[in-house]
Ligand code: FE
């Protein structure tokens, strides 16, 4: 069975006005779909066909000859994780166990925000900012291009796409405004809470 583009967890206009339907038509409908299509083409009739997406990411990450497969497989996974990292009327300060854990590991929610903004703004070129759990502690990390914490010991909790295709239609080159919008209006803290369990 070839991979299929996973369904979005909300309608394509559900994140507007922060992220427009136009952006989701391109970012989900074209970019994410292209990673799925490319991956299916690259693994067809190889020993990777039939393996899970996570297995393909781990195998191809360890084999320089499979960089094209890694890039597409990881981008399929990263984007699905990104869609779930947002929700309509999300963002702002979390509550409950997530807030307590953030305050324990970053000192305050404001410190987390500063670190996450810094990670997103300083990822040169294309990549991702992440909230991960590593050795029992929350950490902010960033990765370039298709790189993903899945190939490390850190457990991803949420991510923000900082490739230009994530924000250019809505924010042009203003990546910092997109990052502020993501934090203030879009983060799905319920998803983070589920991943922390
Ligand atoms: Fe993207």
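Since every read-out is calculated from the coordinates, none of them should be taken as a lab result. Keep in mind that this is a model prediction, so the values were computed, not measured. Glycine gets a Cβ as well: all are built from the backbone with ideal geometry, and neighbour counts include every protein chain shown.
Points worth noting:
- Top of 61, 154, 104 by mean-square fluctuation, Gaussian network on the chain, Cα under 10 Å: 104
- Choice from 94, 17, 176 with maximal GNM fluctuation in the chain (Cα, 10 Å cutoff): 17
- Residue of 98, 76, 140 that the Gaussian network model of the chain assigns the largest fluctuation, springs spanning Cα pairs under 10 Å: 98
- Shape analysis of region 35-128 yields a ratio of the Cα radius of gyration to the Kirkwood radius, Rg/Rh, of 1.11.
- Helix 67-84 and the long axis of the chain differ in direction by around 40°, with both axes built from C-alpha atoms.
- Segments 182-188, 32-38 sorted - mean Cβ within 10 Å per residue, highest first: 182-188, 32-38
- Summary value for the chain: 25 percent relative contact order, contacts being C-alpha pairs under 8 angstrom separated by 6+ residues.
- Potential lengthening of the chain between residue 104 and residue 137 amounts to 11.0 nm, from the contour at 0.36 nm per residue minus the alpha-carbon distance.
- Spatially, region 39-64 and region 125-197 are offset by 24 Å when compared through their Cα centroids.
- Between residue 52 and residue 114, the contour length at 0.36 nm per residue exceeds the Cα-Cα span by 18.7 nm.
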